[in-house]
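The structure appears below as structure tokens.
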């Protein structure tokens, strides 16, 4: 796994692994009002999780078809300090729309868009405020020119269906 995918796994996917594997036996506890940021949860959902929960995130859930918790609405991943780590949204348990990741100082690390839980659209990463990656995704596959900036040098590789185009 390359650095870019590893970063997003650490920021977004890893804290959700326990949730995804929990099935119907583990349900997120409701957040005690006043202890976590209030999310604008859609009607029929409730705010769950919290920075001190196993999820290290505050999010909205509703009951799924079999009564299992399904993420639906805003998602806010938090550092133990309470600072924002990642923000995005779920629709029917799938990531959708713009997702942003931040370091603990508040600097943006990554910006990407999801559609039906697949990367879809422009994806950009930064380290210490410097852009290091810019690529385009369509339905979970890299398409077009991917640009990387390493030690001030720009490299570009063209992708089609998530594979480099051989020239």
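The values are calculated or read from the model by the stated rules, or taken from the named source; none is laboratory data. This is a predicted model, so every value here is computed, not measured. As a convention, Cβ positions derive from the backbone with ideal geometry for all residues, glycine included, and neighbour counts pool all protein chains shown.
Points worth noting:
- Residue match in region 51-66 (condition: at positive phi, at pLDDT 95 or above and either under 17 Å from the mean Cα position of the chain (by Cα) or assigned to a loop (DSSP other than H, G, I, E, B) (or both)): no
- Scanning region 129-166 for residues that are in a loop (DSSP other than H, G, I, E, B) and either within 24 Å of residue 106 (Cα to Cα) or touching a helix residue (DSSP H, G or I) at 6+ places or on another chain (Cβ under 8 Å) (or both) turns up 129, 151, 152.
- Filter pass, residue 126 being more than 18 Å from residue 86 (Cα to Cα), in a strand (DSSP E or B), free of Cβ contacts under 8 Å to residues at least 40 places away in the same chain and within 16 Å of the chain's Cα centre (by Cα): no
- Within region 139-156, the residues that satisfy the criterion of being within 18 Å of the chain's Cα centre (by Cα) and either within 20 Å of residue 101 (Cβ to Cβ) or crowded, with 16+ Cβ neighbours inside 10 Å (or both) are 140, 142.
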